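Presented below is the structure to which this report refers.
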Amino acid sequence: MRPGGVWATVRAVAQRRSPPCPAPRAPPHRLQTHRSAASRTERTGPSLWVWPAVAGLAAVAAGLLLTELAPARGSGAARTLWPGDVAAAAALLQTVATAAMATLTMAFSVTVVALQLASQQFSPRLLRDFLRDRTIKWVLAVLVATISLAFTVLRRLDEDADPPASALFLVLLLAAASVAAIVVFIAHITRLLRVDTMMTMVHDEAQRAIAIFYPDRDDPRPQDPDGRVPADPGTTVPATRGGFVRSIDVATLVATARQADVLVRVEARPGDHLASGTPLLTVWGADRGDPAGVDPDLHAALAGTVDIGHERTIEQDAGFGFRQLADIAVKALSPGINDPVTAAHAVGHMAELLVALTHCRLGPTLHLDDAGAGRAVVPDRDFRYYLDLACGQVRRYGRREPTVLIALLQLCRDIAVQAEAREYGPELRRQVDLVLEEMSEELISVDREAVLDMARRVEQALDGRALEAYADRSGETRSI
C-alpha cells in the first residue's frame, strides 16, 4: 500500500468523534521573559585551565606568606599545627607532592578518556559540557593547589630554622581535600558518562534557552513594523568574520539604533553559519525609506551586537540542544552501538522541548525603544524547522526499527494534545506522513500495525480525543 493510502486509512479509522478535551494552559513554571541582552561570556564560566591556574598561583602566594609567619618555637600554636621537626616536614611534603602529582595525572587521563568516549559514542558537540563542567575544574584546582603549596613550602624549608607550622598545617588540609576531591571526581565522572545524564544536561540547557530567548505567545510586541518590514532594500551591513552566530545583544542593538534613529533587521539567527562578507544586518534610515549609506562607525557598532564564533553555543540557540539530542539518537542507531531505546529516550526529551515551544511565539519580533518606536527586527525559526530537526535524521536512520518510529509518532501525539490543532495540525500530519513513508517494507505485519496504531493516535489527539489517544492495555502506548 502506498504511504498516502496508509495515511488515508489511518485518518478514516480515526474519525470516531468524542467530546474534545479542554485546551491546555501554559506551564506555570515558564519564565515571563523577553529576548534581552545576552552576555558575551557563556553562563558556565571560564575555560578548563583557568581555575587550576588561579588555584596554583594562590597556593604559591600562600606558601610564601605562611613560611614567613611561622609560630614561635615551642608555642602552643606551633605544637598544635605541626608537632614534628624539619625532617618530618620534608618527608610529609615530598609524600604529598608525589601523591598529588600522581592523582592529578590520573584525573587528567580519566578526563581525556571521558572526552574521547563522549565524542565517539554520543556526539562531538557534547565535549563542551565536559570542558565547562564545574566539578572537574574544582577537582583539578584542588590538586594543582596542593602540589604548588607542597613544592613551595619544601623549597623554603631550612634545617637550621623552625618548621613553618602554619604552612605545613595548610598542606595537611589540602591533602585531605585532595582525597575528598578525587572521591567526588570518580563519582561525578561515572555519573557524567551515563547517556541519561548527558541527555538531561542538554535538555535542561535547551529548556533554559527557550525560557530566556523566546517570547510568550501573548507577547504584545508586533512581529513586524506596521505588519511588514520596509519595501526598499535598505543598506546591508556585511559580516566582518565567518563563523556561527552565537548570540544577539538585543538591548545594545536597540539602543544603538535609537541613537542613530534607524531601523535594523538582523539577517541571521543564533546557530546560523556565516561566511565573511555575507549579509548580517539591514539598516533603514530615520524615515524608513532612505537607504542612504551609514557611517562606518555605526556599521561596526551595529555588527558588534552580534557575537560570531567558531563554535555553536546554546545560550540563545535552542536548536543546538535539538542538534545534540538528535546526534545522541543517531549514534545510538549506528551499527556499532545498536541501542534504539536510547534513541527513543532522546526523542522523548525533544518532545518535551517541542511542547515548550508551542507555548512560545516563534517568528520575527520587533523590539521597541523606550519611546515605543520600532528599532530592531530579530528573526527566528518556525515550528517546522524544530520538528524536522528533531525527527528528520532519526526518522531516516531508524526506519527499520519500530521502537524509534513509534517514539517519533509519540512525539507528534504529545504535541498534538498540548498544541492548537488548527495551527500545528498541518505540520504534525506532515511529519506523520514522512514517518509512514520512511517506514521500511521489511517490517513484519505486527510491527507495522504498531506503528500505524500510533499514527491513528496522533489523529485522535488532533481531533481533541486525548483519552482515546492514550488508551492502552497496560501502559504500552507510553512505554519504550
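Just so you know, all these numbers are worked out from the coordinates, no wet-lab data involved. This structure is a prediction, so every number in the text was calculated from the model and none was measured. In this analysis, Cβ positions are derived from the backbone assuming ideal geometry, glycine residues included, and neighbour counts consider all displayed protein chains.
Here is how the numbers come out for the structure above:
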item	result
Whole-Hz ³J(HN,Hα) from phi, Karplus 6.51 cos²θ - 1.76 cosθ + 1.60, for the stretch 380-391, glycine and proline x	7, 8, 9, 5, 4, 4, 5, 5, 5, 5, 6, 9
Hull-based mean projected area of the stretch 125-200, where the convex hull spans the alpha carbons, in square nanometres	5.9
5 angstrom amide H check on Val237, placed H, neighbours 5+ away	Leu280, Leu281, Thr282, Val283
Least to most buried among His345, His273 (fewest other Cβ within 10 Å first)	His273, His345
The stretch 331-401: relative contact order in percent, alpha carbon pairs under 8 Å with at least 6 residues between	29
Residue order, fewest to most beta carbons within 10 Å, for Tyr214, Tyr424	Tyr424, Tyr214
Charge-dipole axis of the stretch 82-144 as Lys and Arg at +1 and Asp and Glu at -1 on Cβ define it, positive-most pick from Leu92, Ser109, Leu143	Ser109
Amide hydrogen neighbours beyond the local backbone of Arg361, cut-off 5 Å, H modeled	Asp216, Arg217
Cα→Cβ-extended label distance, 7 Å offset, between Gln393 and Asp158, nm	6.4
Space enclosed by the convex hull of the alpha-carbon atoms of the stretch 50-202, per residue, Å³	98
Percentage relative contact order, the stretch 50-202, counting C-alpha pairs under 8 Å, at least six apart	43
For the stretch 402-467, size of Cβ-based charge dipole, Lys and Arg +1, Asp and Glu -1, in debye	280
Volume of the Cα convex hull of the stretch 271-362, divided per residue and given in Å³	148
Computed E for Arg361/Ser276 - FRET, C-beta separation, R0 25 angstrom, nearest 0.05	0.15
